[in-house]
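Visitor: Mind looking over this structure? Questions follow.
Readers should treat all values here as calculations from the given coordinates under stated rules, not as data from a laboratory. Everything numeric here is computed off the predicted structure, so don't read it as measured data. Note that each Cβ is placed from the backbone with ideal geometry, even for glycine, and that neighbours are counted across all protein chains shown.
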Amino acid sequence: MLARALHEVLQQLDNAAQRSGRPCPRLLAASKTQAAAAVAELLAAGQRAFGENYVQEARAKQAELGAAAAAIEWHLIGHLQSNKARAAAALFDWVQTLDRPTLVDALARHRAPTRPPLNVLIQVNIDDESSKHGCHPGAIATLAAAIAAQPRLALRGLMAIPAPHPDSERRRPAFRRMQQLFDALALQHPQIDTLSMGMSDDYAIAIEEGATMVRVGTALFGAREHGRQLSTAND
Ligand SMILES: *Cc1c(COP(=O)(O)O)cnc(C)c1O
């Protein structure tokens, strides 16, 4: 059943990419609140990259998945508290929510020398909402330089969650600004290859505006239970 949803979403990504003459983006399965069994089912269907919002939930899910967890590329897509940086550096292959200098040092210090460098995206507060996480666009360059100076971290690009306007078309300008920030950053850091933006209800627009990775939950797994979706107390 999830395999079918996966193939439908992949088809949609491909259609949007073709329409806009852009390469097909990578699909990140946003698996917060989903059972380990659902993750295993998508993995068996060929999906490899999964995004989790909470450190504890990721740890529990990885333990439950056992050996299968090693086949997954784990992305942290939820806000990261500094006191969880050690756990995040151990549990994830990517951290998409790096948004302040203290996290650069904390993640670099805790990334084990036996592992490949931790891939990081700078989360940008593209709509300047005081309630949201992410750095100000004007802070990207300084943060990127700090990351690039850390051999235990690999700067891969930018991530954003635009304001949830009910008309998804209204998010297009934010996606467009992200593409411009990405291009500007690539002048200084030509190795960056990832612009993570777009979710279930707006990924086609994000792809048209240059997303190279979309983070999709609901369209793959179905609707989440409301209470757990809003729980951000721990991370
Ligand atoms: C939950 C989540 C998603 C996926 O959202 P859907 O609307 O269910 O596709 C993407 N990105 C982040 C950061 C999320 O927390």
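Visitor: With 10 angstrom as the radius, rank M178, M1 by how many other C-beta atoms surround their C-beta, starting from the fewest. Before the final figure, lay out each step's value.
Guide: Details: M178 25, M1 9.
The most exposed by this proxy come first: M1, M178.
Visitor: Work the Kirkwood hydrodynamic radius out for the stretch 113-172: mean of 1/r over every pair of different alpha-carbon atoms, inverted, in Å.
Guide: 13.0 Å
Visitor: Find the all-direction average of the projected area of the Cα convex hull for the chain, expressing the result in square nanometres with one decimal place.
Guide: 12.1 nm²
Visitor: Quick check on the chain: helices-only [θ] at 222 nm, where DSSP H runs of length 4 and up contribute -39,500 (n - 2.57) each and the sum goes over total residues. Nearest 500, please.
Guide: Result for the chain: -12000 deg cm²/dmol, rounded to the nearest 500.
Visitor: Which of the three applies to the stretch 80-159, rounded, prolate or oblate, going by the alpha-carbon gyration tensor with a ≥ b ≥ c and a/c under 1.5 meaning rounded? Walk me through the intermediate numbers first.
Guide: Details: a/c = 2.14, a/b = 1.60, b/c = 1.33.
Prolate shape, in that a/c is at least 1.5 and a/b is the bigger ratio.
Visitor: Would you order E57, E73 from fewest to most other beta-carbon atoms within 10 Å of each residue's own beta-carbon?
Guide: E73, E57
Visitor: Once each part is reduced to its C-alpha centroid, what is the distance from the stretch 28-59 to the stretch 195-228 in angstrom?
Guide: 14 Å
Visitor: Further question on the same structure: Under 5 Å between amide H atoms, partner at least 5 residues away or on a different chain: which partners does V95 have, H built in plane at 1.01 Å?
Guide: Counting only residues 5 or more places away or on other chains, the set is L76, N119, V120, L121.
Visitor: Rank the residues C135, C24 as a footprinting-exposure proxy: fewest other Cβ atoms within 10 Å of their Cβ go first.
Guide: Ascending number of Cβ neighbours within 10 Å: C24, C135.
Visitor: Name the residues whose placed amide hydrogens come within less than 5 Å of the amide hydrogen of M159, ignoring near sequence neighbours (fewer than 5 apart) on the same chain.
Guide: Amide H neighbours of M159: I122, Q123, V124, S196.
Visitor: How long are the three semi-axes of the equivalent ellipsoid for the stretch 40-119, computed from the Cα gyration tensor as the root of 5 times each eigenvalue, in whole Å, largest first?
Guide: Working: eigenvalues 100, 32, 24 Å².
Semi-axes, largest first: 22, 13, 11 Å.
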